[in-house]
1. Using the Kirkwood formula over every pair of different C-alpha atoms, what hydrodynamic radius in Å results for region B:470-597?
2. Please go through region B:114-173 and write out the trypsin sites (Lys or Arg not before Pro) that DSSP classes as loop and that have at most 16 other C-beta atoms within 10 Å.
3. Multiply the residue gap between B:Leu29 and B:Gln592 by 0.36 nm, knock off their C-alpha separation, and tell me the result in nm, one decimal place.
4. Which GluC sites (Glu not before Pro) in region B:79-167 sit in a loop by DSSP (not H, G, I, E or B) and have at most 10 other Cβ atoms within 10 Å of their own Cβ?
5. For chain B, what proportion of DSSP beta bridges, expressed in % and rounded to the nearest 5, is antiparallel?
6. Relative to the present Cα-Cα distance, how much length would full extension add between B:Leu306 and B:Ala80 at 0.36 nm per residue of separation?
7. Using the scaling law 2.2 N^0.38 Å as the reference, what is the normalised Cα Rg of region B:272-330?
8. Diagonalise the Cα gyration tensor of region B:513-568 and give the resulting equivalent ellipsoid semi-axes, square root of 5 times each eigenvalue, largest first, whole Å.
Amino acid sequence: MDDLFVKPGNQERGWNDPPQFSYGLQVAGSTRSPLTKRGPPPPAAGLQAPPPCGDPSPDQQATSPHLHGITPPPHKMTTPTHRITPPPSGVTPPLSQATSSPCGSRLPPPPKGGPCPMSRPPSGPDSKAPCGPRAEPDPQPEPDLQAVSSVLAEALEACRQNVSRQVCEDIAKRLRLLEDSWTSGRLSSTVKRRMNALTLEMKSSHWSAADDIHRSLMVDHVTEVSQWMVGIKRLIAETRNLSPELLAFSPADPVQPEPVGN
Amino acid sequence: MATFPEFISQNEERDGVRFSWNVWPSSRLEATRMVVPLAALLTPLRERPDLPPIQYEPVLCSRATCRAVLNPLCQVDYRAKLWACNFCYQRNQFPPTYTGISEVNQPAELLPQFSTIEYVVQRGPQMPLIFLYVVDTCMEDEDLQALKESLQMSLSLLPPTALVGLITFGRMVQVHELGCEGISKSYVFRGTKDLSAKQLQEMLGLTKPSAAQGARGQQAPQPPLSNRFLQPVQKIDMNLTDLLGELQRDPWPVTQGKRPLRSLGVAMSIAVGLLECTFPNTGARIMTFIGGPATQGPGMVVGDELKTPIRSWHDIEKDNAKYMKKSTKHYEALASRASANGHIMDIYACALDQTGLLEMKCCPNHTGYCYMVMADSFNTSLFKQTFQRVFAKDEQGTFKMAFAATLEIKTSREIKVSGAIGPCVSLNAKGPCVSENEIGTGGTCQWKMCGLDPSTTLALYLEVVNQHNAPIPQGGRGALQFVTQYQHSSGQRRIRVTTTARNWADAQTQIQSIAASFDQEAAAILMARLAVQRAESEEGPDVLRWLDRQLIRLCQKFGDYHKDDPNSFRFSETFSLYPQFMFHLRRSPFLQVFNNSPDESSYYRHQFVRHDLTQALIMVQPVLYAYSFNGPPEPVLLDSSSILPDRILLMDTFFQILIYHGEMVAQWRKAGYQEMTEYENFRHLLQAPVDDAQELLHTRFPMPRYIDTEHGGSQARFLLSKVNPSQTHNNMYNWGQESGAPILTDDVSLQVFMDHLKKLAVSSAA
């Protein structure tokens, strides 16, 4: 799942810069209900939606003099006693910093084990990836430039019959840029893998899927790909307009198909 | 019948409307005594993926002064094939296509569930979307590089047929020709002299001769579908990518102690002129990206001497803001030209200092739902993602943005419309339903919104005109119809029609039912918009006094109390949250300018008056959630008593998402318990608010700032400044008890505020 990640914002340049969501995550949309509820009505005092007292019927509520009036919110929250008690004395926190709590007493460690009631269950399938920079997963072998560029070159050749020379030259120029970046090691393996996936989609004439991968690369890795990606974009657009017989991708190809995000 | 809260939420979901009152006082006099005016918050394009697209045109009432759309409230005579307009009672013949109509064969627009319906207009050309980028080049290389990349990226998000154009500026303004020959060519203009549309047309050799201004209504000739400056993305994406890639910092030298000369005013004027000449009355976005203030030419907001800082609130109060009036006038003129042609003006300002949003605010405010974005740098996720989300798509795969909309309102005879507050301009359409008393943008029953999205919300203020002691109006219900015509992002013209009605009640005998129908959330936002509007022209303390006065009057009218006995004061549940909203509103950046620059205030107010009720309410009274070992996350009071050592708090102020680790949690975190396997649950506790925060960040537009802080952290101030200071250094008796965190402030707490309110409300002297 290369395409689902959250990377931290640019704290150097932006004050409290928010994290950045990948294209895949942005398209996936939200899976949980939004947090828009307000504080609950405290039982003791009801400024926020006081519970009706004496249970008047709904139509009486408007005028009922028995209703709670405006009283300030409580100084204490509902359960002021939820202090965490330290675990049995046998268990000493192994970390020495923990001993210097400002009140002078030892810092009681958090309660151990047990169920974790504090996170909201997602209301849909969990598509979230852990936040923060991820270690680059590298289970598959690095895709081969030859495989990628041969598909692109074939597509370009097919285009040459219908598309103006100028445009084809422009595309060719960008394909060379791609090859240069690839061979000189300026492309990350994520970009390489997604380019491989993109060309596989092109080969199977899945233009929308290929276009979507191009978009995800532009959004997530614009610095690496901005110079040449527009050529790929154009190539996808031009080849999808071609009649299928002009497109004869060489069938034998060593590249293994790879599951793509959509 | 359902309860009022259910009724309100059903209506909001179906029609995108919330009223301050859901039972209406039947006379003018009684309506004015309600304190909170009869008004509506309307979200014209609220997302309704379930709405079927109706492929024919609406049937209109034949009376020339009415022209209301056939709707479920109309009475229909199926045998005579007649319908009676519910607004003017005119009897209308159905058009020939409706001959098959009967009780069992009704068109969708007569079915009660289609009180909101959307028509897709088939006639007229499909217009392309137009995006004109106006790019500042006076910025650091890192910023410029990031901006260039974002712009290149945007070409991948635009539909292939969209037209794009590029204007860059520094000391000079360059209008780039987007040929396909691989040669870049541009027209250079001086940044000190403004150009009229006509001059620009001649200089750029634009081909559209017909007068752009005032062409509305008459049939303008088909404009050329592109010209040398605005070309389809699919045709010029490669050239434009290169052109953007080659953009350099403004080459003019900037000497020590000077600001770069930035001709923003002229650049925007040329952008407006270019579209005015070539695509009048077509949806278009002018997207301006600035890294600093305009420093020369018309529209300049500060001189180029760094030793003279840009105006502050202090300067404005002392009438010492040299350029403010003149530049405001310049941008207002541009905004009115742009809005007359249906063009949107977005501003993306990324700089640490102010950039002149105060002067330019009319551009986004008058041209509809536009984006005024404020970030520190273009190389931030805040800018990049906000910009990406401009191009977000809905479930059908079309942009969420809509263009060149007009909103028209029709009313029953007993109601007139006083005006609107929100991102719109008046179309000066007089009619029988226009009130003489103006509120906001008034004197009209039609408004233009050049751009809008599913959350754009207008506040519409109404007036009951039925005379006192007159009987309850015919039918017992008052009705409103909102007709929004707009250009969908697919290029189609669409018409969204919402027809809604509420019961009348005699306020002298049925005041309880009117009181029970009060929608305190809507009322809070409707009053807040009035206050924010006042704040633009009046002194801050005057606005607060006005707001307080209204609140006291509301308490006097609807509270239950004995004269001069504050302790006897009771407020029913329907009103119980309202005082608290007002308390937080008084402290909000929408009314308090302290600690905010004029640009920041403009920005906050700009966002406040366009978002829907839920978002606006978050801005007024932020949402606070608590995470602890004691159970699942729960919403807690926005109060200092909620700040406990063993809790993590998540606060959403709309502009900021903040995570605050209580004292003990922070120490545990510092001690690294989350790393230890036996304290895995602590790691989960730390992660839970982060996950929820990401969910908020994921959906919010514009992107908020994200703050991770803890007890004693300097950024905890954002939390401390928002919570109700129920414990302060002044009432220290609570110190040492585990019941919250005292706030070092002299601000009044909600408790004190409420005590005073009660005293004033029950006072016989008031």
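1. Numbers: mean 1/r = 0.0553 Å⁻¹.
That comes to 18.1 Å for region B:470-597.
2. Answer by residue number: B:Arg123.
3. Value of the extension gain: 199.4 nm.
4. B:Glu103
5. So the antiparallel bridges amount to about 70 percent of the total.
6. 73.6 nm
7. That works out to 1.47 for region B:272-330.
8. Calculated on Cα positions only, the semi-axes equal 25, 17, 6 Å.
The values are calculated or read from the model by the stated rules, or taken from the named source; none is laboratory data. Bear in mind that the values here come from a model prediction, so they are computed numbers and not experimental data. Positions of Cβ are generated from backbone atoms using ideal geometry, with glycine treated the same way; all protein chains shown enter the neighbour counts. The accessibility values were calculated without ligands, DNA or RNA, using every heavy atom of the protein model including side chains. Shrake-Rupley method; radii C 1.70, N 1.55, O 1.52, S 1.80 Å.
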